[in-house]
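Any read-out appearing in this document is the output of simple, stated calculations on the displayed coordinates, not a laboratory observation. Model, not experiment: these values are computed from the prediction. Cβ coordinates were reconstructed from backbone atoms using ideal geometry, including for glycine residues, and neighbour counts include every protein chain displayed.
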Amino acid sequence: MKIMVVGSGGREHAIIKKLSKSPKVTKIYALPGNAAMKNEAECVNIGAKDIEGIVNFAVENKIEYAVVAPDDPLVLGAVDALNEKGIDCFGPRKNAAIIEGSKVFSKNLMKKYNIPTAEYEVFEDANEALKYLDTAPIPTVIKADGLALGKGVIIAFTREEAKAAVNSIMNEGQFGESGNKIVIEEFLEGPEVSVLSFTDGNTVIPMVSSMDHKRALDDDKGLNTGGMGTIAPNPYYTEDIAAECMEKIFLPTINAMKNEGREFRGCLYFGLMLTKNGPKVIEYNCRFGDPETQVVLPLLEGDLFEIMRATTFGTLNETEVKFKDECAACVVMASKGYPEKYETGKELILPKDIDGEIYVAGAKNDGDKLVTAGGRVLGVVSTAKTLKEALDKAYSIVPSVKFENAFYRHDIGKRALMAKEGK
Ligand code: AMP
Ligand code: GLY
């Protein structure tokens with residue numbers, strides 16, 4: 001089958017590599033993809049938010065199946081627009097993607113269906129929010145309602161910080177219309193776990209759990225980023241916790257969406273915090289996580305394409321989804337300056353014949369050279385029987401990836417290894 005994948009990052013590279021292994025897939029287009037994907041996909045210069053361009057390309061090229069990976073096109077209704085032209089897709093329709101597109105929607109959904117999450121208040125008026133902050137418990141968490149490139153969450157440790165966040169989101173328009181409404185919520189503490197799941201709207205199958213490392217620098221210092229590395233499985237996510245999450249969070253969420261007439265098909269991402277009062281939802285994403293996908297998919301056995309189609313056609317209950325009993329680690333290598341203004345255009349040299357994978361997020365061609373073209377440039381991924389071995393392997397590959405002023409965290413998986421030792 002001739003398929004296309006919308007998106008261009010490391011997550012999409014991991015998805016495309018896995019899909020390219022399916023005997024049913026004969027050709028993959030990436031819209032827009034990046035230059036490092038050329039072995040597995042033909043890149044087409046149509047942006048992920050250009051819904052009309054995406055649909056026209058799909059129709060003109062008789063695409064038989066589309067995977068819409070990033071949040072923006074999902075929230076904008078790319079799946080609906082493709083479905084209208086008779087093209088089957090992996091990913092939720094617009095009315096279900098709202099679970100990520102609006103934090104007010106997702107918080108109200110959790111409240112209505114008793115799904116454990118942080119206590120919260122919604123504000124549409126800055127003065128009311130500021131008044132509330134005079135007495136709100138501190139620390140507190142301020143969230144812009146809409147998509148904000150992963151930056152719409154501010155954890156405020158003082159009342160002044162909280163008020164400054166409200167002012168910049170609501171009065172100064174820091175995130176544009178995404179900040180017309182805000183959620184102010186209870187600050188929760190505990191280990192974080194990412195659980196991606198396949199769902200066809202009725203059945204939900206969690207994938208292997210993972211742990212992201214969001215801060216730019218070692219020991220969780222520096223600014224928040226899109227993710228500097230991941231490991232899977234997450235040692236804090238025990239079988240008992242998994243069972244509790246299935247009963248109190250995963251199934252209730254899928255059923256709530258169905259009950260609201262917003263059946264969710266695709267990958268639903270549960271961002272969880274394991275608090276002393278049990279697991280709670282920190283966020284939902286309507287898509288695969290990045291860089292979680294880079295450690296989850298290498299552990300998936302079987303045919304990703306078949307599983308994706310089962311979510312589309314409602315046959316997930318008859319589909320086997322199995323993960324290897326192994327561990328995976330991803331070390332992200334980033335450009336100097338990231339997550340603020342960063343360097344680009346540095347020659348990128350990728351090693352061959354490695355015991356792992358390199359999923360490239362930001363690269364383009366400059367003549368016959370490959371050069372960097374993003375903040376997060378790539379993720380080096382290895383799998384092994386133990387987490388320690390997977391990490392050692394990934395870190396042993398890192399020095400052979402070359403671009404000027406590359407930086408990466410040296411402590412990916414450190415906390416997970418300590419958890420395994422019961423520390
Ligand atoms: P999000 O963009 O929703 O993933 O939030 C970014 C990060 O902010 C999360 O990964 C958490 O580390 C943190 N966070 C979000 N909500 C809370 C909360 N209620 N309490 C503590 N930390 C939070
Ligand atoms: N790694 C977090 C996300 O994909 O939103």
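Measuring from label point to label point, each 7 Å out along Cα→Cβ, what is the E121 to I155 span in nm?
2.2 nm
Roughly how many whole Å is it from the C-alpha centroid of region 378-423 to that of region 131-175?
34 Å
Debye calculation, C-alpha points only, no solvent: report log10 I(q)/I(0) for the chain at q = 0.07, 0.10 Å⁻¹, in the same order as the q values.
-0.32, -0.67
Pop a pseudo-label 7 angstrom from the Cα along the beta-carbon direction at both K2 and K388 and give the gap in nm to one decimal.
Distance between the two pseudo-spin positions: 5.2 nm.
Of the lysine pairs in region 355-415, how many meet both conditions: Cα atoms under 25 Å apart, and a spacing of 8 or more in sequence or different chains?
9
Hey, what do the phi angles of region 411-423 turn into as Karplus ³J(HN,Hα) couplings, whole Hz, using 6.51/-1.76/1.60 and θ = phi - 60°, x for Gly and Pro?
Per-residue couplings from phi come out as 10, 4, x, 4, 5, 5, 5, 5, 4, 4, 8, x, 8 Hz.
For region 249-309, what is the relative contact order in percent, using Cα pairs closer than 8 Å and at least 6 residues apart in sequence?
Value for region 249-309: 23 percent.
Can you tell me which lysines have their Cα less than 29 Å from the Cα of K131? Leave out same-chain residues fewer than eight positions away.
Output for K131: K103, K107, K111, K112, K143, K151, K163, K181, K280.
GNM, the chain, Cα, under 10 Å: largest mean-square fluctuation among D240, D411, D145?
Result: D240 has the largest fluctuation of those listed.
Over region 1-128, what is the mean sequence separation of C-alpha contacts under 8 Å (at least six apart), divided by residue count, expressed as relative contact order in percent?
20 percent
Quick check: Cα centre of region 201-235 to Cα centre of region 274-345, how many Å?
Comparing the Cα centres of region 201-235 and region 274-345, I get a distance of 9 Å.
With 23 Å as the limit, write out which pairs from K17/K221; K38/K62; K62/K352 have Cα-Cα distances beyond it, or answer none.
In this structure, K17/K221; K62/K352 exceed 23 Å between Cα atoms.
State to the nearest 20 debye the size of the charge dipole of region 3-135 about its Cα centre, where the only charges are +1 on K and R beta carbons and -1 on D and E beta carbons.
700 debye
Helix-derived [θ] at 222 nm for the chain: sum -39500 (n - 2.57) over DSSP H runs of at least 4, divide by residue count, nearest 500?
-7500 deg cm²/dmol
Note down the magnitude of the dipole of the chain about its Cα centre, charges +1 on Lys and Arg C-beta and -1 on Asp and Glu C-beta and zero elsewhere, to the nearest 20 debye.
The calculated dipole for the chain is roughly 460 debye.
Which one of S210, S168, S197 has the biggest mean-square fluctuation once the chain is modelled by GNM with Cα springs under 10 Å?
Result for the chain, Cα springs under 10 Å: S168 fluctuates most.
Stokes-Einstein diffusion coefficient for region 187-250 at 37 °C in a medium of 0.692 mPa s, Rh from the Kirkwood formula over Cα pairs: what value in µm²/s?
For the chosen part, D equals 247 µm²/s.
Please compute the contact order of the chain in relative form: average sequence separation of alpha-carbon pairs under 8 Å and at least six residues apart, divided by the residue count, as a percent.
16 percent
Ordered by residue, what ³J(HN,Hα) values in Hz, to whole numbers, does region 136-151 give under the Karplus form 6.51 cos²θ - 1.76 cosθ + 1.60, where θ = phi - 60° and Gly and Pro are x?
5, x, 10, x, 9, 10, 10, 10, 5, 4, x, 5, 8, 6, x, 10
Sort 202-209, 397-404 for me by packing, meaning the mean count of neighbouring Cβ atoms within 10 Å per residue, highest on top.
Descending packing order for the listed peptides: 202-209, 397-404.
Between E186 and H410, what is the label-to-label distance in nm when each label sits 7 Å out along the Cα-to-Cβ direction?
Taking the simple label geometry, E186 and H410 are separated by 4.0 nm.
Apply the Karplus parameterisation 6.51 cos²θ - 1.76 cosθ + 1.60, with θ equal to phi minus 60°, to every residue of region 216-226 and state each ³J(HN,Hα) to the nearest whole Hz, in sequence, with x for glycine and proline.
Going residue by residue, I get 6, 10, 3, 6, 6, 9, x, 6, 6, 10, x Hz, with x marking Gly and Pro.
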